[in-house]
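The values are calculated or read from the model by the stated rules, or taken from the named source; none is laboratory data. Please read all numbers here as calculations on a predicted model, not as lab measurements. Note that each Cβ is placed from the backbone with ideal geometry, even for glycine, and that neighbours are counted across all protein chains shown. Calculation scope for accessible area: heavy atoms of the full protein, side chains included, ligands and nucleic acids excluded. Shrake-Rupley method; radii C 1.70, N 1.55, O 1.52, S 1.80 Å.
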Amino acid sequence: MSFASFLSSPTVRIRIPPSPHSDEDEKFYTVHRSLLRNNTNLLSSSNIKPRETLCTLPSSTPPAAFEAVLEHLYTGHYVLAEEYEYAEAQEPTPSPVLQAAMKGAIGVWGKPAAIHDDTASKRNISSYQSELFPNLRNGYSTPSCGDKADIQTLPSPPPSPKFAEHEPVLTTQKAQLVVKRSTPASRLAAHLEVYALARCYAVKRLAEVALENIKKEVVASPEILHELVRVVYGTKQKNEDLRAFVVGIVKDHWEQLRNEKVFALLLKEGGEFVLDVFSNVRGF
């Protein structure tokens, strides 16, 4: 079935309810039914009937990991969603226009209304009386050509206020500074969740991609090997494939990892991981 056929197939709505005692809202995703049917066991494992349009997953399903599954189904890869936190930043300086508005330097805000003179149109003079130049209205009276001495010279207007140049700001509320708080440990946990969902829904290629990403994280940050070993070897149900994967990381990068403090700590703790490494890694 071509990808274009997937996109033209009927859709199903996937619902992830919030976990108990959580303040998070429920999540909804609209996915093409044939894409799920041909690449996962999600529909069959959920016992959804052919004409049903809503599939509810367990509340324990991590939304971020499920979104990674969907991204892989549609694009062939996935990227972890960035984790952010918000901190208060300094209050931004308003734009020059807003500064002027706040100082009452625009228009006639808070000033008396314009003086309307019904006879002004007959005499061709302004009906607005300036507060800066009170005699401005009278100045519009047309003097005689020979009476130049009576022509009044208007004083120079005061200089316009100068404001700092800024991008327009439409609010005076404090801005929020976005800070990335992703760590090697949090990324490891996220990749493990993606791997678990990939195995649960039988998305084999996604499971392989998740393992490759886990390996990259461990090689780049060896200190998280301790956490990975605890997760893999600390479960009641043995996952032999995942255990072999962890030992394979140590085997492929033995020269790098053997001198790491985290590896010395793992050796001190002992356990099945040390036995597996001992039986599979030469020079141990």
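Descriptive notes on the structure:
- With a 1.4 Å probe rolled over the protein heavy atoms of all chains, the accessible area of R243, R230 falls in the order R230, R243, largest first.
- Amide H partners (placed H, <5 Å) of Y201, local residues excluded: none
- Only protein heavy atoms count here; under a 1.4 Å probe, F278 has an accessible surface of about 140 Å².
- With the highest mean first, a sort of the peptides 14-26, 214-226 on other beta-carbon atoms found within 10 angstrom per residue produces 214-226, 14-26.
- Whole-angstrom gap from region 51-80 to region 20-47, using each part's C-alpha centre: 6 Å
- Net charge of Cβ neighbours under 13 Å - reference A244; Lys, Arg +1; Asp, Glu -1: -1
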